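Input: a single structure, listed below in structure tokens.
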Ligand SMILES: Cc1cc2nc3c(=O)[nH]c(=O)nc-3n(C[C@H](O)[C@H](O)[C@H](O)COP(=O)(O)O)c2cc1C
Ligand code: SF4
Ligand code: FES
């Protein structure tokens, strides 16, 4: 039970080609929907039944999001695919584009049909140029084959899709910064509300979804929402691609059903490397809270379990595995540096706070920590959390809070002895 | 209306207002940095976080719209905790160099830190340093102090019309900067000094000269354009050290132009005349007031005794106060002289005697912002009316107003111009006729044209552009209010100075009448409307500002005039003054332009006197001195009073300028008088010559932004701004090629018997057959601002 949805073409020759995609029934669903004029409400209903939740990290129910787009709107609306994957630990959208770009295109076309949109963009992270080119090629193929463009399948439905590549800023993955960037401006998040569904690209209603979210749509509309839901567990429908990295024997992407026990996923990735013991896992990308090994081993890989049992979140399913040799202070220092570098800088708590956090953690890692530092770090993190324009502020605070919460003795040892507990 | 509760107080607020707007109305203080009521909401500083019932997280008051039943807590523990934490973040990288910071004492960060800051920092890491930027002669930068609120960025983009500053880089590296190697050139740039909540942007001319608490703050009015902006001048040791706006929503809002802000430097110029001077042969000698005034009055008396009142010509600068103008006129009238005028840069006086009242703007200043369709004829907007242009810009930006411009120069007004016609002033007449014809053909305008005009229109061929512009003005297009058209036709300074002004005026009036638009004149100078109202004008049959020079007088009285740069034709005025037996000049400055004078009477600039200006919207604003007269200089009205006495005239026993003002308004309330007198209608149409066309090259003699008046011309920082644009003879590529000239080549530019050498400059914003040569000291050898001009390769 693997690679059933987004990675359907993975084991076929030439997986990214139109030919391969069509060999598994690709674009048939789009054609049926468009030519049979399946009502939008019916599609949204199926997506709701499927239990698909946004794969970009926040896990917002996709069907519900689609229903927010104004149906009757006099003017242009836009569809945006978020392929700006840039958070430490994430690398699934890249593989979807590399191996199955047409499924993203078909998913977007179905979404466009559903929401009455004529123009779409796929915003692709600036540092995955080869995938950008693959996607451009797929667009060409789809246009030539009549799956994109004007009056598709002889109906009055038209959809034009364009690829847009960024320049590698993490913040451009935040949907409103991404929209600013598409507009040709500096990638800085907008204050919300208004949300993109009412004020998006060029101020027009816009639906933003993650690559994996769109890629799940053709399956849902081919097999029905229930079939997708049944691949997972209640409240976490479908399969999910887990990107396992860190101290494992076989890092990589694994598309498996939601609700799979974590130990099974770990086994798929070949287990902790070098026969070492598991120390901790960041389950959903660097913005999610770190989970100590014993808690993690109790979790199943779905939204509810990771949140209730792991006190963390599933995020984008980017599983960072850390073995017993991991220096948690240094690990945190690296993560904090990331957020310090990637803050867009417009709002005060994040601009000033991320630098503060990083400098204090770095100081501790350099053996110059002070007893009051842990209190300070927690306090500063709490002062950033929930007070910023976008969620990057929270993303920067979460690792600090969770690392200190779960691995406090390691930090204290550093502060007291000026060096790592592990070396002792 | 929505019912909400702020800090336990139940209040009704308007639908759509934000929490901060509601709180501001109630006088409940919420700390803020990025928010500014006149700018778009950025919500980036997070200082305004407040607690709202049912929300787990604090919300920014500046960006959160109120909803019915909302309960807001601005001082609860959660709110204050959030506010204090933001304050801490703002201060960790702030240099806290308040003792050496010019903003000290008037710093929003300092003020709010008193309430929300901790007395001791928890931040012990290295602090950020940001390199300073040189953004020009007016605004100094100390970028390490910047808190990235982006008020300056938003101001320049939204109010100034061009995004000259931006936030580059990310995170802690984010910094405000101008474009690479570019300065901030907006004519409204000084406002970012006021907007900056910290000491990152301060006034370059003012910095390090005084602490705010050492300054006496005195109200006054702008003397540099006809908007009547309300100013506050800050004075130390009897010297004006800076100028800031007084907030007046219906005039200047909270802004002022750079000209109004930095002109004060000219008040402290070394060229100020502080003692009376008399010419003895080729020498100027200092003298006392008594001798100077006796000299002046006896010379004037002699001339009048010899030749009658007509021997005298009185020229009053349109920046003079109503009191000065009125007394100068009164002296003339008492001497039997009708030759008085303040319209020094005019050249067409054919409308004299045809006006029903004093021409004015035709509406109030804020109305401009609400217009839907506006036609501007003959105005280089940003030069002439820097701040009024912003009102027009907001009409375009916020109401999608359609602006049409007809002018000989196509300078960018930094707003979207829907239709434009760039043509020589002669062709302007023809274009206006086309516009009129197109408009009279439009269905919904059933009004009939007067027969005189109808005949003229017969041969006129309407161009597509004129048709489109007419339709725009008449309100074609969606959402247009046909019952109450919010449209206007305005004539600018360049139109007023043109030799065919009367024709432009008549046609513009007819056009506005057809489409029901407001019609008005955007007046030159600070007090053109006021001096007109005070009838500082030639009496019937007497000589005007032009004919007084064409038919030289034996004696002239100049009130605040620098002849060769203030008049339409520098050659003409110089010749007339040279030929005169006696020239009495009341002036605040020693000026080489006054070389033909016989006696110089040192009068104060308006800031050292009381007086009254009337703005283009007809607002009468009196002011008192902000400083004592420098040296022996005396207020102009006092000098004229004594001169009247010495001339043996009666009715000059004034004790105060108030009494003069009372006399001007006949003892009535000024506003009553004003509303009876302001009137743009002509008694009858003047002649329009559709066919007249000049074949020769035409000079377009604009008045540069910082050449407007004597004070501005002596403000060093403004002159540094002006120096960025060297004086050239600009013409379009077509004309340059036709004359066989190269861009940048030295040319000889001649008018009448004078010529100057200038670089030729290719500038496609100039209309065909026109050469743009501004008026300034460098071009004072030339003649008419608008008229024939020759350009040839310099030998
Ligand atoms: C700092 C930041 C970075 C983000 N980066 C990404 C990203 O790389 N890809 C992505 O799909 N969503 C990212 N998101 C989430 C998006 O804002 C948005 O919620 C998502 O694209 C919606 O798609 P979904 O509903 O399909 O998940 C990011 C959010 C934040 C705050
Ligand atoms: S939280 Fe950080 S990244 Fe997000 S808007 Fe504020 S400064 Fe920019
Ligand atoms: S004033 Fe509201 S966020 Fe700055």
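Does residue B:91 meet the test of being in contact (Cβ under 8 Å) with a residue 60 or more places away in the chain, within 27 Å of residue B:199 (Cβ to Cβ) and not in a loop (DSSP other than H, G, I, E, B)? The answer is no for residue B:91.
Per-residue answers, yes or no, for (1) in a helix (DSSP H, G or I); (2) surrounded by fewer than 24 Cβ atoms within 10 Å (Cβ to Cβ):
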{"position": "A:190", "(1), (2)": "no, yes"}
{"position": "A:202", "(1), (2)": "yes, yes"}
{"position": "A:214", "(1), (2)": "yes, no"}
{"position": "A:218", "(1), (2)": "yes, no"}
{"position": "A:241", "(1), (2)": "no, no"}
{"position": "A:250", "(1), (2)": "no, yes"}
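Do we find a residue being buried (at least 24 other Cβ atoms within 10 Å of the Cβ), within 30 Å of residue B:148 (Cβ to Cβ) and within 16 Å of ligand 1 (Cβ to nearest atom) anywhere in the stretch A:297-315? So far as the stretch A:297-315 goes, yes, one or more of its residues are buried (at least 24 other Cβ atoms within 10 Å of the Cβ), within 30 Å of residue B:148 (Cβ to Cβ) and within 16 Å of ligand 1 (Cβ to nearest atom).
Within the stretch A:64-94, the only residue that satisfies the criterion of being surrounded by 18 or more Cβ atoms within 10 Å (Cβ to Cβ) and either within 16 Å of ligand 3 (Cβ to nearest atom) or within 14 Å of chain B (Cβ to nearest Cβ) (or both) is A:86. Checked against the criterion of being more than 13 Å from every other protein chain (Cβ to nearest Cβ), touching a helix residue (DSSP H, G or I) at 6+ places or on another chain (Cβ under 9 Å) and within 14 Å of ligand 1 (Cβ to nearest atom), the stretch A:401-415 has no qualifying residue. When you look at residue A:137, is it more than 14 Å from chain B (Cβ to nearest Cβ), touching a helix residue (DSSP H, G or I) at 6+ places or on another chain (Cβ under 7 Å) and more than 16 Å from ligand 3 (Cβ to nearest atom), yes or no? No. Just one of the listed residues (A:163, A:109, A:130) is in contact with a helix residue (DSSP H, G or I) (Cβ under 6 Å, 6 or more places away or on another chain), away from ligand 1 (no atom under 13 Å from the Cβ) and either in a helix (DSSP H, G or I) or at positive phi (or both), and it is A:109.
In the set B:26, B:96, B:90, only one residue is at pLDDT below 95, more than 16 Å from ligand 1 (Cβ to nearest atom) and closer than 30 Å to residue A:356 by Cα; that residue is B:96. Among the candidates B:136, B:104, the residue that is more than 12 Å from chain A (Cβ to nearest Cβ) and either assigned to a strand (DSSP E or B) or farther than 24 Å from residue B:39 by Cα (or both) is uniquely B:104. Under the condition of being closer than 18 Å to residue B:31 by Cβ and either more than 8 Å from chain A (Cβ to nearest Cβ) or surrounded by fewer than 21 Cβ atoms within 10 Å (Cβ to Cβ) (or both), the residues counted in the stretch B:64-91 number 15.
Every test in (1) under 20 Å from the mean Cα position of the chain (by Cα); (2) within 16 Å of ligand 3 (Cβ to nearest atom) is passed by residue A:228 save one, and that test is (2).
The number of residues in the stretch A:349-387 that are more than 7 Å from chain B (Cβ to nearest Cβ) and in a loop (DSSP other than H, G, I, E, B) comes to 8.
Only a single criterion out of (1) within 16 Å of ligand 2 (Cβ to nearest atom); (2) within 14 Å of chain B (Cβ to nearest Cβ) is not satisfied by residue A:178, namely (2).
For the stretch A:318-328, the criterion of being within 15 Å of ligand 1 (Cβ to nearest atom), crowded, with 22+ Cβ neighbours inside 10 Å and in the same structural domain as residue A:251 (by the TED database) is satisfied by at least one residue. Scanning the stretch B:109-133 for residues that are outside any loop (DSSP other than H, G, I, E, B) and more than 14 Å from chain A (Cβ to nearest Cβ), we see that the one that is farthest from residue B:211 (Cα to Cα) is B:115. Residues in the stretch B:24-45: is at least one more than 14 Å from chain A (Cβ to nearest Cβ), at negative phi, touching a helix residue (DSSP H, G or I) at 6+ places or on another chain (Cβ under 8 Å) and more than 14 Å from ligand 3 (Cβ to nearest atom)? The answer is no; no qualifying residue exists. Among the residues making up the stretch B:702-725, those that are modelled with pLDDT of 95 or more and in contact with a strand residue (DSSP E or B) (Cβ under 8 Å, 6 or more places away or on another chain) are B:710, B:714. Note on the stretch A:337-348: among residues that are in a helix (DSSP H, G or I) and buried (at least 18 other Cβ atoms within 10 Å of the Cβ), the one that is farthest from the other protein chains (Cβ to nearest Cβ) is A:338. For the stretch A:160-183, the set of residues classified as without any contact (Cβ under 8 Å) to a residue 60 or more places away in the chain and out of contact with any strand residue (DSSP E or B) (no Cβ under 6 Å at 6 or more places or on another chain) consists of A:167, A:180, A:181, A:183, listed by residue number. Of everything in the stretch B:153-195 that's assigned to a helix (DSSP H, G or I) and within 14 Å of chain A (Cβ to nearest Cβ), which residue is surrounded by the fewest Cβ atoms within 10 Å (Cβ to Cβ)? This residue is B:173. From (1) without any contact (Cβ under 8 Å) to a residue 40 or more places away in the chain; (2) more than 18 Å from residue A:382 (Cβ to Cβ); (3) within 16 Å of ligand 3 (Cβ to nearest atom); (4) not in a loop (DSSP other than H, G, I, E, B), pick out the condition that doesn't hold for residue B:82. Every condition holds for residue B:82 apart from (2). Of all residues in the stretch A:184-207, those that are within 16 Å of ligand 2 (Cβ to nearest atom) and touching a strand residue (DSSP E or B) at 6+ places or on another chain (Cβ under 6 Å) total 1. When residue B:643 is tested against (1) in a strand (DSSP E or B); (2) within 30 Å of residue B:307 (Cα to Cα), only condition (1) is not met.
The values are calculated or read from the model by the stated rules, or taken from the named source; none is laboratory data. From a predicted model like this one, the values you see are computed outputs, not experimental measurements. Note that each Cβ is placed from the backbone with ideal geometry, even for glycine, and that neighbours are counted across all protein chains shown.
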